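Scroll down for the structure; my scribbles are underneath it.
The values are calculated or read from the model by the stated rules, or taken from the named source; none is laboratory data. Please read these numbers as outputs of a predicted model, since none were measured by experiment. Virtual Cβ from ideal backbone geometry, glycine too; neighbours counted across all protein chains shown.
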Amino acid sequence: MDAPTLSVHELNSIAQAALREAFPSEVWVRGEVQKCRVMGSGHTYFSLVEKASTRDGVQATIDCVLWAGNARRIANALRETPGGKLTEGTEVRIRGRLDVYPVTGRMQFVMSRIDPLFTVGAMAQRREQVMRALSADGLLDRNAAIRLPMLPLRVALITSVDSAAYADFVHELTAAPFAWRLRVVDTLVQGRSASRSIARAISSAEHHAPDVIVLVRGGGAQTDLAAFDSDVVGRAIARCSIPVFTGIGHETDRSVADEVAHSSFKTPTACAQELVAIVRAVAARNEQVWARIRQLAVTHLDRSDAALENHGRLVRRSVLVHLAREEGRVGEGHRRLRRAALEAPNRAQSRLERRSGRVREVGRSRLQAESVHLEHTYARLARVPARLGPLLDRLDHQEAQVRALDPRRILARGYSLTRGEDGALVRAAGDAPPGSRLVTELAEGVVTSRVESHTEAGVDDPAPQEQQR
């Protein structure tokens, strides 16, 4: 007989019955909530994941469902335990049964109860592990040791821009009359990816070198704030080179982010108020310093005025004394000058008479000497004509000889002088070869010519022709 053939629905029903027989009662299962979706019907669907040892690795997963009827009861149980909540990324311990849905054949875990204390305890245990690791690496007090600028007006705000935390912080900050320079870095503050998103936001804010970085989030259940207890966020804050302020609305304990930050506050508003108080205190100190400077300046000016007035009196007294002395000296000088002015003409007249006498004596002596010299000169000149007669006769004879030998007298009778290019006289035809240039001096003027040919003495050829230029 052939084996029976089952329909799909029959197969799924048999599997369902087998599971109920294998697990006749509900069991407790622990894992991390992922892909949590609340439907409009009130049913909640999520996956329960067992993480592997590697980061973000998944070792096993199972689909879970929380029917709307049980969801209200579980929500009431979670509200009775501070910090407990069924949300993305939360580690939970839940009770339920395995079941197969015959229509789809999908196996799922039907949740009926939750252990809120397990969730809170797991979070506390994980937080403690993170704190021990940060302490071992010397990171707990690293950011707190960074010196906050005296006037932290450049603020980098890390939060979700759509949140009430953003609105509260910005309202409180901008209500103060100071020149804030606010840079907002939008980030996730809840959910599975919130930790890495916050760490990236801190790195981005640090790149712009503000005076302070502020990380804020509104209140919520402890499970909603799990990102702020992560190792990733703790190390990002601790290693940041800029002071980090936190304003996270915790219900009870401080988060890891609060522990490693430079300063932490209960709410975003309190965080903004602290920044305003710091700047206001600096402004108040500046006002006090300026008031003290004004007071010291006024005191110094008063003392200087008194000292100046005293010095003025001393100078005035000294000037009067010196003026009196100088008036006495001027009067004495005036009297001396007057006596000297009266005596000077008499002394000058005496000196003039003495010098006039000496001048007359010197002039008389020199006139006598010049008269004797002139008499001797006249005597010598009287003897000159007798000596010049024969000399003048010889000069007349020599002048006649020079005139008789003057070449111009010869030229005037029709003769000429011919010189070559070198200025030497041409005395024979051989002294002027063909092509040479000749200069002929006449009684009146000069003729320049060039030799074309010539005939030696004794030859009957025609005489050389000369071209005038």
Any hit, the range 188-196, residues being under 24 Å from Ile278 (Cβ atoms), in a helix (DSSP H, G or I) and at pLDDT 90 or above: no
Residue list for the range 136-167, filter: among the β-branched types (Val, Ile, Thr), surrounded by 17 or more Cβ atoms within 10 Å (Cβ to Cβ) and free of Cβ contacts under 8 Å to residues at least 60 places away in the same chain: Ile158
Failed criterion for Ser163 (all others in (1) touching a Gly at 6+ places or on another chain (Cβ under 7 Å); (2) closer than 17 Å to Asp211 by Cα hold): (2)
Leading residue by the ranking (farthest from the chain's Cα centre (by Cα)) among those in the range 168-185 that are surrounded by 15 or more Cβ atoms within 10 Å (Cβ to Cβ) and among the charged types (D, E, K, R): Asp168
Qualifying positions in the range 1-31 - among the acidic types (Asp, Glu) and either under 19 Å from Ala71 (Cβ atoms) or at pLDDT 85 or above (or both): Glu26
Every pair of residues 6+ apart whose Cβ atoms lie under 9 Å, when the first sits in the range 403-430 and is assigned by TED's automatic domain parsing to the domain that holds Glu452 and on the phi > 0 side of the Ramachandran plot while the second is surrounded by 12 or more Cβ atoms within 10 Å (Cβ to Cβ) and at pLDDT below 80: Gly414/Ala443
Candidates Arg303, Arg366, Arg358, Arg280, filtered to the one that is assigned to a helix (DSSP H, G or I) and within 30 Å of Arg254 (Cβ to Cβ): Arg280
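This table checks each residue for (1) modelled with pLDDT under 85; (2) under 30 Å from Ile278 (Cβ atoms); (3) outside the structural domain of Ser263 (by TED's automatic domain parsing).
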residue	(1), (2), (3)
Cys64	no, no, yes
Ala68	no, no, yes
Arg72	yes, no, yes
Leu78	yes, no, yes
Thr87	yes, no, yes
Val100	no, no, yes
Ala145	no, yes, no
Pro149	no, yes, no
Qualifying residue in the range 247-260 (condition: within 15 Å of Ala156 (Cα to Cα) and either buried (at least 23 other Cβ atoms within 10 Å of the Cβ) or at pLDDT 90 or above (or both)): yes
